[in-house]
Amino acid sequence: MATFSSGGGEKNEATERHAHVVGWGMAVPESALTNEELSTFVETSDEWIFARTGIRQRYIADEGESTATLAYKAAQQALEIADILPTDLDLIVVATSTPENIFPSTASLVQDWLNAHDAGAFDLSAACSGFVYALNMAADSIRAGSIQSALVIGAETMSRILDWQDRSTCILFGDGAGAVVLQASEVPGGVLSSVLRSDGAGSDLLGIPSVGSIDADDSRASSNGAKLYKMYMAGSEVFRFATRVISESIEQTCTAAGIQVNDIDLVIPHQANLRILQAAARKLGLDADKFMSNVERYGNTSAASIPIALCEAIEQKRVQDKDHIALVGFGGGLAWAAMLIRWGVPEPSEQQGSMFNRQRRHVQYRIAKWRSRSRRWRRRVNRKVREIRV
Ligand code: COA
């Protein structure tokens, strides 16, 4: 079992750099698929799904929507709230299990569409824990002083890797994206501690075989019987794993930050299943109301579920200044991760003017399209010229 943890947010706060969430945004596809609609082509029912999972509907991407387009929309919203320009970003990380390509990364596409030309970009694969892993990486880079600001996105089109014949998995998942902007500040708070964990011995419980698989040349099935590019899951074992690691990792991240579990004001967990969240709340001795849940409307959107739930918690005014917010993700890997944040969005600097910046951002998005097209054209013309010369 590999382990990694960082923390101790209360030490020498005044002299340290802190990583604060200063912007947030979310996007879901246009079309929702209700349990009733699902039960017209899968042998299931609204009663069964709702009783076992708490899910009533999920959003499904149409032909024009993808992981990158959803990520781009969520990113634009997050930049709007942070009121910074895409060109101010140093890093873009997209946590996803359903990337547009193996490479180039979805993060690179988003970087191009935003015109974030000074940002590094990469995708991070840690399944449903991916967003917390990515946020931890970005926060550590900010605290270490190597970057000033980062855009961290969780984005998925799970509908494209589901086996729609398998009623034990296809009822659970949905599509969407959530994003946050993380920025350096001298104001104490922000990300206080993180706990990242992995147990690859559980890799046969939940996964999606892909091009690097031992059986990749066999288009029907991989060695554990799962179909290539389709999700497999051992539901009841994953259920038991999830309830155990949520409570364990939240306790560990509280210890690392030097606070008690009871000091947590809100837990924003990965939205897999309402029963998992209720069981974890009981284990922690916390009121179930302290667990944010919106799984009813979105299903499990994997790496996107935590930032989407964060956006809705903020909108519902469940997140207040100085609150202790715990994020916790768990899933394929097996991997899990928890993070403690002391909420507090530092005041924007004086030279930032919202209206002016909004217009500058829109100009940059337009420039991004032309810049990208003109670069491609230039490359094509140069290629033709070289061919003619030879
Ligand atoms: N509709 C109707 N019946 C279904 C069904 C569906 N969608 N899926 C399974 N069933 C049936 C099974 O065939 C089984 O029937 P049987 O008893 O005749 O064999 C019965 O319901 C019980 O199946 P089981 O798999 O034991 O159900 P469960 O109570 O464990 O619930 C899950 C299944 C998937 C809802 C549950 O295990 C779960 O939520 N696990 C965690 C999954 C998860 O969150 N994964 C992502 C983590 S990131």
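The values are calculated or read from the model by the stated rules, or taken from the named source; none is laboratory data. As the structure is a prediction and not an experimental result, all values here were calculated from the model. We place every Cβ from the backbone using ideal geometry, glycine too, and count neighbours over all the protein chains shown.
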Q. In segment 1-108, which strands (runs of 3 or more DSSP E) lie fully inside it and hold 2 or more residues that are at pLDDT 95 or above and of a type outside the set (Asp, Glu)?
A. 18-27, 31-34, 57-60, 91-95
Q: Need at least 1 residues that are in contact (Cβ under 8 Å) with a residue 60 or more places away in the chain and within 16 Å of the ligand (Cβ to nearest atom) per element, so show me which strands (runs of 3 or more DSSP E) inside segment 120-194 make the cut, counting only ones lying wholly within it.
A: 149-157, 175-185
Q: Mind listing whichever residues of segment 153-194 are in contact with a Phe, Trp or Tyr (Cβ under 7 Å, 6 or more places away or on another chain) and β-branched (Val, Ile, Thr)?
A: Ile161, Val180
(Q) If Ala338 meets every condition in (1) assigned to a strand (DSSP E or B); (2) modelled with pLDDT under 95 apart from one, which number is that one? (A) (2)
Q. Being under 14 Å from Gly178 (Cβ atoms) and either among the aliphatic types (A, V, I, L, M) or out of contact with any Phe, Trp or Tyr (no Cβ under 6 Å at 6 or more places or on another chain) (or both), is that true of even one residue in segment 57-67?
A. yes
(Q) Consider segment 231-278. How many of its residues are under 20 Å from the mean Cα position of the chain (by Cα) and in a loop (DSSP other than H, G, I, E, B)? (A) 5
**Q.** Unique residue being within 16 Å of the ligand (Cβ to nearest atom), at pLDDT 95 or above, closer than 19 Å to Met158 by Cα and surrounded by 18 or more Cβ atoms within 10 Å (Cβ to Cβ) when the list is Ser305, Ser249
**A.** Ser305
Q. Inside segment 291-329, can you point out the residues that are within 17 Å of the chain's Cα centre (by Cα) and acidic (Asp, Glu)?
A. Glu312
**Q.** Residue selected from segment 34-68 under the condition away from the ligand (no atom under 16 Å from the Cβ) and in contact (Cβ under 8 Å) with a residue 24 or more places away in the chain, by the criterion farthest from Glu100 (Cα to Cα)
**A.** Tyr59
